[in-house]
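One structure is given here, and the rest of the page talks about it.
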Amino acid sequence: MIYVNLSLNIFGIIMKHPTYVINLKNRTERLRYITAEFMRFQEFDLKIFTALEDKNGAIGLYKSFKAVIKEVQTIGVEYVIICEDDHKFTADFDIDLLNKYIEIGAQSGMDILLGGASSIHDLIFVNDDLLWVDGFTGLQFTVVFKSFFSKILDLSLPEGGVLDIELGKISDDIFCIYPSISEQEYFGYSDVTKKNNLIDVTEYFKKCRKKMDYFYLLTNYYNNLRD
């Protein structure tokens, strides 16, 4: 099957985004949650991908992410949305905005488009609703474009490494929608990042959102001075 890289309503037909959710088979509560989350929208062709398990959750996510890329590479998609099973849509979710930047990303050579991030090291606002990022964490809603598939498949995870950090090291074309359209639901534990068993991950997203808001105001301030 060939997927169309737009999710537009044409003659009443909704073109759907190819979307994979990575879920451990024993995490049935997360499966129920994420299925209900996506059922609120018609624009996603949702597939549940049974996670490849590893005693190290970060390695399991890395293996699963690569397995999804390998699968979609064979069916000719222009991009794929890969989600973790704790993704949640924020109040700022806008399908038209997502469609817009998926189309732009496919045409302009983006590697990754993030729906949101739990931390961002450096950022530059490209315009009012898109920022370029250098160093990030958070793969709960990740659009990966075809031009980046082969680099992901060639990626080796170093000892102690985590996938989101390593992706940032091999790409200079990672962008994030602003305000974030995706954050993480907190289940009280993490299968990937053990330190998050003791921390409410929503706090990471709040802190990251404040940083993005601050740079948005700063960017507009200097733009106004220049004008």
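Quick note: the coordinates plus some simple rules give every number you see, no bench work behind them. This one's a predicted model, so the numbers in the text were calculated from it and none came from an experiment. Note that each Cβ is placed from the backbone with ideal geometry, even for glycine, and that neighbours are counted across all protein chains shown.
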Helix runs (DSSP H) in the chain reaching 20 Å along axis by Cα, Kyte-Doolittle at least -0.5: 57-73
Residue exposure sequence - C208, C83 - by fewest surrounding Cβ within 10 Å: C208, C83
Estimated dipole of the chain in Debye, rounded to 20 [Cβ of Lys and Arg +1, of Asp and Glu -1, Cα centre]: 480 debye
GNM flexibility winner over the chain from E37, E185, E29 (Cα, springs under 10 Å): E29
GNM result for the chain, Cα springs below 10 Å: residue of G76, G138, G115 fluctuating most strongly: G76
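Please give the calculated 222 nm ellipticity per residue for the chain, where each DSSP H segment of at least 4 residues contributes -39500 (n - 2.57) and the sum is spread over every residue; nearest 500 deg cm²/dmol? Let's see the in-between values first.
Details: 6 runs with 81 residues, N = 227.
Mean residue ellipticity, 222 nm, calculated: -11500 deg cm²/dmol.
Arrange K146, K25 by Cβ neighbour counts within 10 Å, fewest through most, would you?
K25, K146
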Cα gyration tensor of the chain - equivalent ellipsoid semi-axes, whole Å, descending: 25, 22, 18
Long pairs among K16/K206; K55/K211; K47/K100; K169/K206; K66/K100; K25/K146, criterion Cα-Cα beyond 32 Å: K55/K211
Under the Karplus curve 6.51 cos²θ - 1.76 cosθ + 1.60, θ = phi - 60°, whole-Hz ³J(HN,Hα) for the stretch 18-24, x wherever Gly or Pro sits: x, 9, 10, 10, 8, 9, 5
Placed amide H near H17: partners under 5 Å, 5+ positions off or other chain: F44, D45
